[in-house]
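The values are calculated or read from the model by the stated rules, or taken from the named source; none is laboratory data. Predicted, not measured: the structure shown is a model, and the values here were computed from it. Glycine also receives a Cβ, built like all others from the backbone with ideal geometry; neighbour counts cover every protein chain displayed. Ligands, DNA and RNA are stripped out before the accessible areas are found, and what is left, the full protein with its side chains, is counted by its heavy atoms. Shrake-Rupley method; radii C 1.70, N 1.55, O 1.52, S 1.80 Å.
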Amino acid sequence: MFCRLDTLARSSHRTESPVKVAVVGAGAIGAYVGAALHRAGAEVHLIARGPHLAAMRRDGVRVLSPRGDFTARPAATDDPSEVGPVDYVFLGLKANSYAASGPLVHPLMHKDTAVIAAQNGIPWWYFHGLSGPYTGRRLDSVDPAGSVSATLPPERAIGCVVYAATEIEAPGVVRHLEGTRFSIGEPDLTVSDRCVAFSEAMVAGGLKCPVESDLRKDIWIKLLGNISFNPISALARATMGQICRHPDTRALVESMMRETLDVAAAVGCRPGISVERRIAGAERVGDHKTSTLQDLEKGKPLELDVLLAAVVELAELAGTPVPTLRAVHALADLLATTSSAPAGSTS
């Protein structure tokens, strides 16, 4: 229970030299992680803006959770140069913001700073450190012209797959809905000291943070849901439960998931989960709006490149047929284009 973490933060988990973490994009997930780390004794700096930043500066981060409510008061700013170099940069930004994140991230870097990218979908570092026929291959869909790698060098990257659900209820107030697991791992399949140190800090803060020797399996398992439910939910304006209950869209999800598993296997990863089990897990979530549908309703850019376009690109690379993914990608890409265009625009 979170109510026991005050004792934990004063225990031996609190070291004389705590890790220093900057959370860039301290929204719902980022502020939740930052608050938990701060309670365990880490030196945490939240990088945010607007009313959310003002509220966190004034009142701290208030977390409302079925595990117990708490308030943490880490430092918060909109100017990363005030923070200086840190041990870890935890990225809470959408993946489509990575290429432009240099002004936020670079002031936080020293030669050994690690970047923990809490993103959905295929990361820009996917083939970094991976032996085989695709070693070092860059994917245009997630790293166009190398723009993300130029900002966030792959050797700094620690992958992170988020299994927690949170939302901003009000400025400075984060509601934790479910899940506390943040799986992390090195692109080169090693279990590094930097991963272990960050994991220990997260665990001390009451979160689950297993260090996986092959995080790519976790990436594909979560992607099975994102690649299917997210674009369909946006195209149909439907919740996950509605998609599962409709026979034809359920069949569409199954087809997309099977094709995705084929692509994963073709590039050397076998996640070890059945389509039926993955759909059953999504169905239990019920009438939940995916993040893509929420972004669409709020007029925000749709994060589809890392979820869908990247897998289509991987399929082309491996010579794997994915007709269903291609069809849904075409529709979702058109939606992303038209939803971001000004009214009356033909672009």
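Most fluctuating residue of Lys222, Lys94, Lys300 in a GNM of the chain with Cα springs under 10 Å: which is it?
Lys300
Which of the aspartates and glutamates could a cross-linker span from Lys111 if the Cα-Cα distance has to be under 14 Å and same-chain partners fewer than 8 positions apart are dropped?
Cross-link targets: Asp87, Glu155.
Long-range amide H contacts for Arg181: which residues qualify at under 5 Å (H placed 1.01 Å from N, peptide plane, sequence gap of 5 or more or a different chain)?
Residues meeting the amide H criterion: Tyr163, Ala164, Lys208.
How large a share of the accessible area of region 124-180, in percent, is made up of carbon and sulfur atoms when the probe is 1.4 Å and the other protein chains stay in place?
51
Check the straight Cα-Cα distances from Lys222 and name the lysines below 28 Å, setting aside those fewer than 8 residues away within the same chain.
Here the lysines satisfying the reach criterion relative to Lys222 are Lys94, Lys208, Lys289, Lys298, Lys300.
Picking from Ser131, Ser65, Ser192, which is most flexible by a Gaussian network model of the chain using Cα springs under 10 Å?
Ser131
In whole Hz, with x marking every Gly and Pro, tabulate ³J(HN,Hα) for region 125-134 from phi via Karplus 6.51 cos²θ - 1.76 cosθ + 1.60, θ = phi - 60°.
8, 3, 9, 5, x, 9, 6, x, x, 10
Quick one: if you stick a label point 7 Å off each Cα along the C-beta vector at Glu276 and Glu316, how many nm between them?
Output for this residue pair reads 3.6 nm.
How big is region 172-251 in terms of Cα radius of gyration and Dmax, in angstroms?
17.0, 48
Would you calculate a helix-derived [θ] at 222 nm for the chain, using -39,500 (n - 2.57) for each DSSP H run of n ≥ 4 and dividing by the full residue count, to the nearest 500?
Per the formula, -12500 deg cm²/dmol.
Subtracting the Cα-Cα distance from 0.36 nm times the residue separation, let me have the gained length for Arg73 to Ala150 in nm, one decimal.
Difference between extended and current length: 24.4 nm.
Report the one residue of Gly68, Tyr98, Val83 whose Cα lies farthest in the direction of the positive end of the charge dipole of region 59-113 (charges on C-beta: Lys and Arg +1, Asp and Glu -1; origin at the Cα centre).
Highest projection toward the positive end goes to Gly68.
Beyond 13 Å, how much of the Cα-Cα pair distribution for region 38-87 remains, as a whole percent?
The answer is 60 percent, as a whole percent.
Convert each backbone phi in region 255-262 into a coupling constant with the Karplus relation 6.51 cos²θ - 1.76 cosθ + 1.60 (shift: θ = phi - 60°), then list the ³J(HN,Hα) values in order as whole Hz, x for Gly and Pro.
Those phi angles translate into 5, 5, 5, 5, 5, 5, 5, 4 Hz.
For region 27-44 and region 222-277, compute the distance between their C-alpha centroids and round to whole Å.
Taking the Cα centre of region 222-277 as reference, the centre of region 27-44 is 32 Å away.
So how much slack lies between Lys208 and Ala54, counting 0.36 nm per residue of separation and subtracting their Cα-Cα distance, in nm?
Full extension of this stretch gives 52.5 nm more.
Using every alpha carbon pair in region 116-275, what percent of pairs falls into each 5 Å bin from 0 up to the bin containing the largest distance?
1, 8, 14, 17, 18, 17, 13, 7, 2, 0
Rounded to the nearest 20 debye, what is the charge dipole size of the chain about its Cα centre when +1 sits on each Lys and Arg Cβ and -1 on each Asp and Glu Cβ?
720
Please list, ordered by chain and number, the residues whose modelled amide H lies under 5 Å from the amide H of Val23; skip anything fewer than 5 residues away on the same chain.
Placed amide hydrogens put His45, Leu46, Ile47, Phe90 under 5 Å from Val23.
Over the Cα atoms of the chain, what Rg and Dmax result, in angstrom?
19.8, 61
About the Cα centre, and with charges only on the beta carbon of Lys, Arg (+1) and Asp, Glu (-1), how big is the dipole of region 208-305? Nearest 20 debye, please.
240
For Cys160, which sequence-distant residues (separation of 5 or more, or a different chain) have an amide H within less than 5 Å of its own amide H, given hydrogens modelled in the peptide plane?
Answer set, sorted by chain and number: Ala117, Gln119.
What angle do you read, to the nearest 10 degrees and between 0 and 90, between the alpha-carbon axis of helix 193-204 and the longest principal axis of the chain?
70
Could you derive backbone 3J(HN,Hα) for region 296-310 from the dihedral phi with the Karplus parameters 6.51, -1.76 and 1.60 (θ = phi - 60°), listing whole Hz in sequence and x where the residue is Gly or Pro?
4, 5, 8, x, 8, x, 8, 8, 9, 4, 6, 8, 10, 4, 5
Full extension from His246 to His106: what is 0.36 nm times the residue separation minus their Cα-Cα distance, to one decimal in nm?
45.7 nm
For region 7-143, report the convex hull volume of the alpha-carbon atoms normalised per residue, in Å³, without decimals.
So the per-residue hull volume is 149 Å³.
Under a straight-distance cross-link criterion of Cα-Cα below 14 Å, which aspartates and glutamates are reachable from Lys217, leaving out those fewer than 8 residues away in the same chain?
Once the sequence-local aspartates and glutamates are set aside, what remains near Lys217 is Glu186, Asp188, Asp262.
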